[in-house]
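What follows is a set of notes on a single structure, which appears directly below.
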């Protein structure tokens, strides 16, 4: 009985340890909108205050578009969403990947 208890305890410990190192569902980044590329192919990106730069996409089914966010260029924004690094080095992708926005808000104008 004691061996079974220790075995179960070890399995639970391993499972919870692995969950602690899993990916987060969403991340918040704070920063500013910048435009990248050359006209007429310029696209909006996001430069976080910690120096990371992301291309922007909006989560499907959202009530806003990338254009709505880009209109706030010059304002300090907080974006909530996921970072997609699967398409690095692709067209219109910046060095830290694509930030898929699910929520956003203006912190200061």
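Bridge orientation summary for the range 38-109: considering DSSP beta bridges with both residues in this region, about 75 percent are antiparallel. Take every pair of alpha-carbon atoms less than 8 Å apart whose residues are at least six positions apart; their mean separation over the length of the range 24-108 yields a relative contact order of 33 percent.
Kirkwood analysis of the Cα pair distances in the range 24-108 returns a hydrodynamic radius of 12.8 Å.
For residue 63 and residue 106, compute 0.36 nm times the residue count separating them, minus their Cα-Cα distance, and round to one decimal in nm.
13.9 nm is the gain from fully extending residue 63 to residue 106.
Taken together, the values in this text are just the output of simple stated rules run on the coordinates, not laboratory data. Only a predicted model underlies this, so the values are computations on that prediction, with no experimental measurement involved.
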